[in-house]
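Chemist: This is the structure I want to talk about, given as structure tokens.
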Amino acid sequence: MIRWGGFAGSLATAATAWLGGSGYQRVPSINPVTLLSGQRGVLLPILWVLGTALLILAWWFGRHVVPSLRWALVTVGLWILPVLWFLPLGSADIYSYACQGYVQQAGGDPYAGGVGSFGCPWLGSVASSWVDSPAPYGPLFLLLSGWVVGLAGGSLAVVIAGVRVLALAGVALLAVGVPVLARRCGIDPARAVWVVLACPIVLVHLVSGGHNDALMAGLIVAGLALVASRRDAGWLVAAGAVLGLAVAVKATAVVVVPFAVLAARPRSAPGMSGGNAASGWRLLWRPAVAVGGGLVAAMALLSLGSGRGVGWVAGLLRSGDSVTWGSPPTAVGLTIKALTGFDAVPVVRVLGVVVLAGVLVRLWVRAFQQGGALGHAGLALAATVLCAPVFHPWYAIWPLAVLAATRTESRWLLGLCAVAATLTTPAGYNWALYTRVPGAIVVTVALVVLAVRLPRRRVVA
């Protein structure tokens, strides 16, 4: 029932990609109203809702009945197959990847400006928010996307297929790395793989949508798995290099590096408390040099190989113009604006980054004192997603990929991933845009409730 119910959901989802996925020509007027009154009538939204519901239900209940790792991998592969042959689902980002790759391949600088300035032949497919925006990705992904464009011979369909191959490479890294990491952390590897790879976000946004988050998450998990497996200097340098590759796809991956250094300490290393502090710090320098050296070497080689030097760093400061309640800081800012008229979004977003910095430091100190650095790396990714100024559904895979393999299952995380899987239409319209103000108020109220209840729980405990 689980395998074939999810497969039915995948078929329904693939049908929506055929009927109305993110097409080659951008249609800016798509919204919930035009979706229902469009050429496909109600068939498209019905299939989308049905397919998404079946995938979520199969994923949610399937985690209790996964008989083996092989069964989980075969089932996930079966679900992925139908969506590989049709238009992208959930967003049009794959077209911006194509144009950024075109600029890179043509010898231009994707970090110097938007793709609209370089004569990309597929500009009509790119979302307006990215036409004038510099690439926010690292040099590795731009090199890869440039190679894909070079091999495609001018065919956008081949470019889409090539970008999906990159995403599938990330999924393959997850399939290999998650079981290794799970075994090292005492988690059932079959269940961990199911929770990560059977998540509808993987099918819709990572595979069909071709998002580079698949490659970033796969490299993060691979790097952490190397750290967890052995602590030899050469092994740790390799782990640092793999994490450097992850950072060179998306800079967000850098938040796990300090936790990887902690995880590389000798197993008997003391914590920070009392007289053990000095000894604990001394045991950190060797793994820090090894992991950090591998990371810096990988980043340096890629920066030189891309022809951009370190100029790409400035381009990473931009992540698009999305203003929705999916980002908690943005939701609070939107609520303040709705109630007072003052545009508090920029201010609250800055405060969110400040809060994130404090949370990351606190998580690292706690991991130093109490251990569990790999699990804390997942929590650091979760904090990054929650405090970031922009949220897209596929961001949820960052913490899920690590936490599923390193910590006891948490329903709140799975619930958030299930909600995130429902936030877009087949062509990429985000429901959070249509419900911007009421959604922001709901999120703000939820944050206030959490802020009140969590301290009380700690006192009771």
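Since every read-out is calculated from the coordinates, none of them should be taken as a lab result. These numbers were taken from a predicted model, which means no experiment stands behind them. Here the Cβ is made from the backbone with ideal geometry for all residues, glycine too, and neighbour counts use every protein chain on show.
Chemist: Give me the one-decimal nm value for the distance between modelled label points at V165 and A357, 7 Å along each residue's Cα-to-Cβ direction.
Modeler: With each label point 7 Å from Cα toward Cβ, the separation is 4.3 nm.
Chemist: Further question: Tell me which cysteines of the chain come out unpaired when the rule is another cysteine's Cβ under 4.7 Å.
Modeler: Cys with no partner Cβ under 4.7 Å: C185, C199, C387, C417.
Chemist: How do the peptides 67-80, 242-255, 185-198, 142-155 rank, highest first, by the average count of neighbouring beta carbon atoms within 10 Å per residue?
Modeler: Highest to lowest by the protection proxy: 242-255, 185-198, 142-155, 67-80.
Chemist: Restricting attention to the alpha-carbon atoms of the chain, what are Rg (one decimal) and Dmax (integer), both in Å?
Modeler: 21.8, 72
Chemist: Could you please tell me the mean projected area of the C-alpha convex hull for the range 307-448, averaged over all directions and given in square nanometres to one decimal?
Modeler: Across all orientations, the range 307-448 yields a mean hull projection of 11.0 nm².
Chemist: Here's something else I'd like to know. Could you list M299, M1 so that the one with the fewest beta carbons within 10 Å of its beta carbon is first and the one with the most is last?
Modeler: Ranked by crowding around the Cβ, least crowded first: M1, M299.
Chemist: Which net charge results when you count Lys and Arg as +1 and Asp and Glu as -1 among the other residues whose beta-carbon is under 13 Å from that of P67?
Modeler: Details: positive: R3, R63, R70, R191; negative: D188.
That sum, taken over residues with Cβ under 13 Å, equals +3.
Chemist: Still on this structure, please answer the following. Check which residues have an amide H placed less than 5 Å from S327's amide H, if you skip close sequence neighbours.
Modeler: Under 5 Å from the amide H of S327: F391.
Chemist: Excluding G218 itself, what net charge comes from residues whose Cβ is under 15 Å from its Cβ, given Lys and Arg +1 and Asp and Glu -1?
Modeler: Summing Lys/Arg as +1 and Asp/Glu as -1 gives +1.
Chemist: Cα extents of the range 338-386 along the three principal axes, largest first, in whole Å?
Modeler: Sorted largest first, the three principal extents are 46, 14, 13 Å.
Chemist: Quickly estimate the mean residue ellipticity at 222 nm for the chain, helices only: each DSSP H run with n ≥ 4 gives -39500 (n - 2.57), and the total goes over all residues, rounded to 500.
Modeler: Result for the chain, helices only: -21000 deg cm²/dmol.
Chemist: In whole Å, how far is the Cα centre of the range 241-259 from that of the range 440-455?
Modeler: 31
Chemist: Something else now. Measure out, as a whole number of angstrom, how far apart the alpha-carbon centroids of the range 386-426 and the range 136-180 sit.
Modeler: Taking the Cα centre of each part, the range 386-426 and the range 136-180 sit 22 Å apart.
Chemist: Residue separation times 0.36 nm, minus the C-alpha to C-alpha distance between R453 and V419: what's the value?
Modeler: 10.0 nm
Chemist: For the pair W4 and V254, what calculated FRET efficiency results from E = 1/(1 + (r/R0)^6), where r is the Cβ-Cβ distance and R0 = 35 Å, to the nearest 0.05? Write down the numbers at each step before the final one.
Modeler: Details: r = 41 Å, r/R0 = 1.18.
It comes out at approximately 0.30.
Chemist: Using a ≥ b ≥ c from the Cα gyration tensor of the range 163-238 (square roots of the eigenvalues), is it rounded, prolate or oblate, where a/c under 1.5 gives rounded and otherwise the larger of a/b and b/c decides, a/b for prolate?
Modeler: The shape class here is oblate.
Chemist: Quick one: if the Förster radius is 45 Å, what FRET efficiency do L57 and V437 give, using the C-beta to C-beta distance and rounding to 0.05?
Modeler: Efficiency, rounded to the nearest 0.05: 0.90.
Chemist: For the range 64-131, what is the Kirkwood estimate of the hydrodynamic radius, computed as the reciprocal of the mean inverse distance between distinct Cα atoms, to one decimal in Å?
Modeler: Evaluated over the range 64-131, this radius sits at 14.5 Å.
Chemist: A further question follows. Give, as a single signed number, the net charge of other residues whose beta carbon lies under 15 Å from the beta carbon of M299, with Lys and Arg counted +1 and Asp and Glu -1.
Modeler: Value of the local net charge: +2.
Chemist: So between V350 and W412, what do we pick up on full extension, going 0.36 nm a residue minus the alpha carbon distance?
Modeler: 19.7 nm
Chemist: Show me the three semi-axes of the equivalent ellipsoid for the range 94-223, from the C-alpha gyration tensor (sqrt of 5 times each eigenvalue), largest first, rounded to whole Å.
Modeler: After scaling each eigenvalue by five and taking roots: 31, 13, 12 Å.
Chemist: Please give the length that would be gained between R286 and A172 if that part of the chain were fully extended, namely 0.36 nm times their separation in residues minus their C-alpha to C-alpha distance (nm, one decimal).
Modeler: Values: separation 114, 0.36 × 114 = 41.04 nm, distance 3.08 nm.
Here the answer is 38.0 nm.
Chemist: Pull up all non-local amide H partners of T424: gap of 5 or more, or a different chain, and H-to-H distance under 5 Å with H placed in the peptide plane.
Modeler: W431
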